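Undergrad: Structure below; questions to follow.
The values are calculated or read from the model by the stated rules, or taken from the named source; none is laboratory data. Just so it is clear, the structure is predicted and the values come from calculations on it, not from any experiment. We place every Cβ from the backbone using ideal geometry, glycine too, and count neighbours over all the protein chains shown.
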Amino acid sequence: MSDIAGPVLRVVIGDDPPPRLDKALARDVPEAAALSRSRLARLIAEGAVSRDGVAVTDARRHPLAGEVYEVAAPGPAPAQADPEDIALSVVWEDGDLIVIDKPAGLVVHPAPGSARGTLVNALVHHFGAGLSGLGGALRPGIVHRIDKDTSGLLVVAKSDRAHHGLARQFEAHSVERRYLAVVHGMPSAAEPRLAGLAGVGFEPGGVIRIATGIARHRTDRQRQAVTMDGGRHAVTRVRVLRGFGRPPAAALVECRLETGRTHQIRVHLTHVGHALIGDPTYGGRRRLPVAALGAAAAEAAAAFPRQALHAATLGFVHPVTGASLAFESPLPADMAGLVTALSAPGAGT
């Protein structure tokens, strides 16, 4: 419904628009512009969005189908990533690859709105030209990603042969990826609602298997959604490690990825009714019940500033030597503190 006219985007609001201008623009702006809803909201606040030559500064304005808006889009992203002296936690390095333990809050590669301060900027500083070029100038060495606010392990290719070999393993779903997450409620095969939910099955050892399609959300480009008809095939296996509260109102769970789709764990856990604590995109404003956990534990969960998700295990075959490699990352301090708060004496009493 949109077209690009030079440095200004002309956006025509399509049929049945979302009730907010920022969401409607995010739906109808051309995908090539790579403008998120939050970025569009900032552009609206900055007066960069207009209608009939008049700036529109209220992101909550109710747009109508057929209205035309002009968005003064930000300038193009840099052609290549600049080196930046950002500390890296290197778990493993040889001539072909690097394994990094990424902190929460670090974007993996530059993109509109995040041109600097990324993992790639740090990699370029520390390793210079010694990274695979297959990902392009803005993504040198990047074989896979984890979300900005997810912590944990990822592997970076230094040589092109390593990049090719790792990419084949990710495509074949043979890479071991184990995540730890803290979720609302405690998933259980005994839960009638779960047993009747589309895409949910049960395996030995208390494992809940979630198999659905995942596709871009119909109205919000920054979200993904479960679909049972189409989308990209996605499989997540979930196992409860520990419950918190009486009755359990939260749980520490292990998630193993068979596939690796955008936001897969976050979307699948939301689908089964057990969204990640701290997830602003999929968890909404859900709060833990004080009666089950106690005030201090409930407040700690409400104050947790990110999705409680950590890439704890990464295992693969070295693409050059053929050696089997496996790496572990302990829970970072913020998630360990959350677990401690939820399990403190008095919680749930």
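Undergrad: Please indicate, with yes or no, whether at least one residue in the stretch 157-178 is more than 18 Å from the chain's Cα centre (by Cα), β-branched (Val, Ile, Thr) and outside any loop (DSSP other than H, G, I, E, B).
TA: Checking the stretch 157-178: not a single residue is more than 18 Å from the chain's Cα centre (by Cα), β-branched (Val, Ile, Thr) and outside any loop (DSSP other than H, G, I, E, B).
Undergrad: Of these, 193, 223, which one is of a type outside the set (A, V, I, L, M, F, W, C) and in contact (Cβ under 8 Å) with a residue 60 or more places away in the chain?
TA: Just one listed residue meets the conditions, 193.
Undergrad: Those residues that are in a strand (DSSP E or B) and either touching a strand residue (DSSP E or B) at 6+ places or on another chain (Cβ under 8 Å) or without any contact (Cβ under 8 Å) to a residue 40 or more places away in the chain (or both), I need them from the stretch 88-137; list them, please.
TA: Result: 90, 91, 92, 93, 97, 98, 99, 100, 101, 102, 114.
Undergrad: If only one of 316, 304 is in contact with a helix residue (DSSP H, G or I) (Cβ under 7 Å, 6 or more places away or on another chain), in a loop (DSSP other than H, G, I, E, B) and modelled with pLDDT of 95 or more, which one is it?
TA: Answer to the selection: 304.
Undergrad: Scan (1) buried (at least 19 other Cβ atoms within 10 Å of the Cβ); (2) closer than 30 Å to residue 24 by Cα; (3) in contact with a strand residue (DSSP E or B) (Cβ under 8 Å, 6 or more places away or on another chain) for the single condition residue 221 breaks and write down its number.
TA: (3)
Undergrad: Given the conditions (1) surrounded by fewer than 21 Cβ atoms within 10 Å (Cβ to Cβ); (2) in a helix (DSSP H, G or I), report the number of the one that residue 268 does not fulfil.
TA: Here residue 268 clears every test but (1).
Undergrad: State the number of residues belonging to the stretch 152-186 that are in contact with a Pro (Cβ under 9 Å, 6 or more places away or on another chain), within 30 Å of residue 245 (Cα to Cα) and of a type outside the set (A, V, I, L, M).
TA: The number of residues fulfilling the criteria is 2.
Undergrad: Might you let me know whether the stretch 64-87 holds any residue that is in a loop (DSSP other than H, G, I, E, B), among the acidic types (Asp, Glu) and surrounded by 15 or more Cβ atoms within 10 Å (Cβ to Cβ)?
TA: Within the stretch 64-87, one or more residues are in a loop (DSSP other than H, G, I, E, B), among the acidic types (Asp, Glu) and surrounded by 15 or more Cβ atoms within 10 Å (Cβ to Cβ).
Undergrad: Same structure again: β-branched (Val, Ile, Thr), closer than 23 Å to residue 170 by Cα, outside the structural domain of residue 146 (by TED's automatic domain parsing) and crowded, with 16+ Cβ neighbours inside 10 Å - does that describe any residue in the stretch 239-250?
TA: Scanning the stretch 239-250, I find no residue that is β-branched (Val, Ile, Thr), closer than 23 Å to residue 170 by Cα, outside the structural domain of residue 146 (by TED's automatic domain parsing) and crowded, with 16+ Cβ neighbours inside 10 Å, so the answer is no.
Undergrad: Next up: Among what's in the stretch 297-349 and is touching a residue at least 60 places away in the same chain (Cβ under 8 Å), β-branched (Val, Ile, Thr) and closer than 21 Å to residue 186 by Cβ, pick the residue that is surrounded by the fewest Cβ atoms within 10 Å (Cβ to Cβ).
TA: Looking at the filtered set, the residue picked out is 349.
Undergrad: Residues to consider are 227, 270; find the one that is at pLDDT below 95 and among the polar types (S, T, N, Q).
TA: The match here is 227.
Undergrad: Looking at (1) farther than 12 Å from residue 260 by Cα; (2) buried (at least 17 other Cβ atoms within 10 Å of the Cβ); (3) in contact (Cβ under 8 Å) with a residue 60 or more places away in the chain, find the lone condition where residue 146 falls short.
TA: (1)
Undergrad: Would you pick out the residues in the stretch 23-46 that are over 11 Å from residue 71 (Cβ atoms) and modelled with pLDDT of 90 or more?
TA: 23, 24
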